Amino acid sequence: ATAGVAVGLALTTSAPAWAACDDGEIVIKFSHVTNTDKHPKGIAASLLADRVNAEMDGQACMEVFPNSTLYNDDKVLEAMLSGDVQLAAPSLSKFEKFTKQFRLFDLPFVFEDIEAVNRFQTSEHGQAMLDSMQRRGLQGLAFWHNGMKQMSANRPLLAPEDAEGLKFRIQQSDVLQAQFEALGANPQKMAFSEVYGALQQGVVDGQENTWSNIYGQKFFEVQDGITETNHGILDYLVVTSTEWLDGLDPEVRDQFLTILDEVTETRNAESFAVNQRNKDLIVEAGGVVRTLTPEQRQQWVAAMQPVWDQFMDDIGEDLLSAALSYNS
Ligand code: LMR
């Protein structure tokens, strides 16, 4: 590939990292749904592509398709299993069709912050989860962080009762559905690329997401304000098909996985700061951010935590207590 061009382009224009693949190179198409330059996932994907294209020139070439331009998350895993894309990083909420274990990550108020998430994911328990979908043809390669979720609506949300009766967009996840039902709200599953329009047109009243997604998709422009709840996490699984991975020459596979591990470590260490920057950008752009007193936050915990019991059989008590043990 013309690696120099790909790297140059990504650095100077923040265009999607793109390489013209040469004959004989393994083409790695990476489809995702966020922006490329201000977002934990977008930045990591661009860095991964830049490194693959520079260091594996002649052997492999990565093309990144950001902003849902190729597939939405509800289609990308099917596309991967049919060999149309080789890499994706959907949020952990998008795997319910493949494994119920991942429901752990959608439970509200399990992890106190992204460092606790990181400690769990890098533990033996967390790493074993990468292999949990092999029999469905998917191999998890790495966890990438986004961050903690916040809640927004077309009216102020301070007490859990404020959410009652409102329609909330959720990701494809029964846990998130139960979470909003516990608040007496009406959850609606919807693709990421459709949320801005749905909020703007009043199809839904509110949503939950990280600072980087709320800023990146400009949700704050069509919401009354955002309440800093930190009630759950949004993280990603970098995933590929077992068939594609097994088909790689071992040396190529090792080099690719080493680069991926290094990119993961570098960018995961920055994800908190990237989200804080997005929060600042929201405020600078005139968005309203509300904080909760510890007493107010405790009311949200009391309203939402009963959801844990509903999914205990899917997740397993052992896995949940392992996850909780990584809080400080
Ligand atoms: C969402 O659907 O809200 C997120 O999973 C999007 C993303 O990839 O961050």
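In this structure, does Phe109 turn out to be touching a residue at least 60 places away in the same chain (Cβ under 8 Å), surrounded by 23 or more Cβ atoms within 10 Å (Cβ to Cβ) and either within 30 Å of Glu317 (Cβ to Cβ) or of a type in the set (Phe, Trp, Tyr) (or both)? Break it down stepwise before answering.
Values: touching a residue at least 60 places away in the same chain (Cβ under 8 Å): yes; surrounded by 23 or more Cβ atoms within 10 Å (Cβ to Cβ): no; either within 30 Å of Glu317 (Cβ to Cβ) or of a type in the set (Phe, Trp, Tyr) (or both): yes.
No: the conditions fail for Phe109.
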Checklist entry - What number of residues in segment 204-240 are touching a Ser or Thr at 6+ places or on another chain (Cβ under 9 Å) and in a strand (DSSP E or B)? => result 14
Next on the checklist: Go through (1) touching a residue at least 24 places away in the same chain (Cβ under 8 Å); (2) away from the ligand (no atom under 13 Å from the Cβ); (3) touching a strand residue (DSSP E or B) at 6+ places or on another chain (Cβ under 9 Å) for Ala182 and report which single condition fails.
Outcome noted: (3)
Item to check | Residues (without any contact (Cβ under 8 Å) to a residue 60 or more places away in the chain and in contact with an Asp or Glu (Cβ under 9 Å, 6 or more places away or on another chain)) located in segment 241-262 | outcome: Arg253
Checklist outcome for this item: Expected single match for more than 14 Å from the ligand (Cβ to nearest atom), more than 18 Å from the chain's Cα centre (by Cα) and among the charged types (D, E, K, R) among Arg119, Arg136 is Arg136
Checklist entry - Can we say Ala182 is surrounded by fewer than 21 Cβ atoms within 10 Å (Cβ to Cβ) and either closer than 26 Å to Tyr71 by Cβ or among the basic types (Lys, Arg) (or both)? => result no
Next on the checklist: For the list (1) in a strand (DSSP E or B); (2) surrounded by 23 or more Cβ atoms within 10 Å (Cβ to Cβ), I need the number of the one condition that Gln188 fails.
Outcome noted: (2)
Checklist entry - Among the residues of segment 136-147, is there at least one that is surrounded by fewer than 16 Cβ atoms within 10 Å (Cβ to Cβ) and in a helix (DSSP H, G or I)? => result yes
Item to check | Condition broken by Gly287, with the remaining ones in (1) small (Gly, Ala, Ser); (2) surrounded by 18 or more Cβ atoms within 10 Å (Cβ to Cβ); (3) under 30 Å from Met56 (Cβ atoms) satisfied | outcome: (3)
Checklist entry - When Gly287 is evaluated against the numbered criteria (1) among the small types (Gly, Ala, Ser); (2) under 21 Å from the mean Cα position of the chain (by Cα); (3) in a loop (DSSP other than H, G, I, E, B), which criterion, by number, is the only one it fails? => result (2)
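Computed from the coordinates by the stated procedures, all read-outs in this text should not be read as laboratory data. Remember, it's a predicted structure, so these values are computed and weren't measured experimentally. Cβ atoms come from the backbone with ideal geometry, glycine included; neighbour counts cover every protein chain shown.
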